[in-house]
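A.B. asks: Below is one structure. I have some questions about it.
The values are calculated or read from the model by the stated rules, or taken from the named source; none is laboratory data. If you're wondering where the values come from, they're calculated on a predicted model, not measured in any experiment. Reconstructed Cβ throughout: ideal geometry from the backbone, glycine too, with neighbour counts over all protein chains shown.
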Amino acid sequence: MNSRDALAIGSDQKPPVLFRGEYPQWHDRFMNFIEAKSNYEDIYKCLTEGPQDWPMKVVPANPAEGWPERQIRKTVGDFTNREKELYEAEKLAKSYLLQSLPNDIYACIDSFKDSSKKMWDQIEKMMMGSHINNQLKVTNCITRYDGFKARKGETLTETYERFNMLLNDLQKNKITKTNTENNIKFMNNLQSEWKPFVSHIRHTQTLEKLYLHELYEMLLQDEEEVMELIGKAEEKPATDQIALIPIAIRIQNLPR
């Protein structure tokens, strides 16, 4: 694990660091981080509902000085135990957020640092974008799914892992696909050498009850044979070109 990965994950003592393009992962890790704290509910409330209004106290009238009864802000020393708990939770919420932000992101939200909720909301707006941007993300996910296919030279595992990442992106954007849809998409877009093995699975398995990881495990058993077929297919053009050389020579020697 490199240093960037360690920062992104965080630890029991340090919250995860937010990197651009990784807001959903950071959000989940940040929630896990604060859930481990004894005052988790108070911290969460500060982030999502905002801090409580600063506690006030009543100062009785002082006729001798000509002061009427009035309310003034309490000092921290005057807080009740519950007010102190909420005050500490707000301080922690802001501290954890500030520790999570690299300088380039902090510079974009530092005007909201008077409240953890304002920071929290602004980070989400900045990272997740507008409704239009979110629609573009959904469209992009669907386009990538529709155009998915195995790449030349890619192993079955590499194709499977790339497809799983795509399905995860679909899930994050609340786009659902059935087992059948995913299985057919995956099988139809493997290299052509997989065709007989895929055909066997189509005729022997119930695709709507077959999970993608199960399909992958079935296909993995035949990968060695498929890779040999792919290797032979790649060698064939070179062999054909060599075979054409004598023909080309004879054509050159024909009388004109």
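A.B. asks: Collect the residues in the stretch 11-26 that are within 25 Å of Glu88 (Cα to Cα) and free of Cβ contacts under 8 Å to residues at least 24 places away in the same chain, keeping them in residue-number order.
C.D. replies: Ser11, Gln13 - these are the residues of the stretch 11-26 that are within 25 Å of Glu88 (Cα to Cα) and free of Cβ contacts under 8 Å to residues at least 24 places away in the same chain.
A.B. asks: Separate question: Using the structure shown, decide if Asp114 is among the acidic types (Asp, Glu) and within 25 Å of Asp169 (Cβ to Cβ).
C.D. replies: no
A.B. asks: Which of the following residues is at pLDDT below 85 and either closer than 30 Å to Asn173 by Cβ or surrounded by 16 or more Cβ atoms within 10 Å (Cβ to Cβ) (or both): Arg4, Arg20, Arg70?
C.D. replies: Arg4
A.B. asks: Can you confirm whether the stretch 23-36 contains a residue that is closer than 21 Å to Ser116 by Cβ and assigned to a loop (DSSP other than H, G, I, E, B)?
C.D. replies: Yes, there is a match, as at least one residue in the stretch 23-36 is closer than 21 Å to Ser116 by Cβ and assigned to a loop (DSSP other than H, G, I, E, B).
A.B. asks: Let me ask something else. Out of all the residues in the stretch 39-49, is one or more part of a loop (DSSP other than H, G, I, E, B) and over 23 Å from Glu83 (Cα atoms)?
C.D. replies: No, the conditions are met nowhere in the stretch 39-49.
A.B. asks: Quick check on the stretch 111-119. Is at least one of its residues of a type in the set (A, V, I, L, M, F, W, C) and more than 30 Å from Glu41 (Cβ to Cβ)?
C.D. replies: Among the residues of the stretch 111-119, not one is of a type in the set (A, V, I, L, M, F, W, C) and more than 30 Å from Glu41 (Cβ to Cβ), which makes the answer no.
A.B. asks: Would you mind stating whether Tyr40 is within 15 Å of Trp120 (Cα to Cα) and not aliphatic (A, V, I, L, M)?
C.D. replies: no
A.B. asks: I'd like the full set of residues that are among the aromatic types (Phe, Trp, Tyr) and at pLDDT below 85, limited to the stretch 38-67.
C.D. replies: Result: Trp54, Trp67.
A.B. asks: I'm checking my understanding of the structure. Among residues of the stretch 111-136 that are over 26 Å from Met165 (Cβ atoms) and at pLDDT below 90, which one is nearest to the chain's Cα centre (by Cα)?
C.D. replies: Across the stretch 111-136, the extreme among qualifying residues is Lys113.
A.B. asks: Residues that are surrounded by 15 or more Cβ atoms within 10 Å (Cβ to Cβ) and either among the acidic types (Asp, Glu) or without any contact (Cβ under 8 Å) to a residue 60 or more places away in the chain (or both): does the stretch 28-36 have at least one?
C.D. replies: Looking for residues that are surrounded by 15 or more Cβ atoms within 10 Å (Cβ to Cβ) and either among the acidic types (Asp, Glu) or without any contact (Cβ under 8 Å) to a residue 60 or more places away in the chain (or both), one finds at least one in the stretch 28-36, hence yes.
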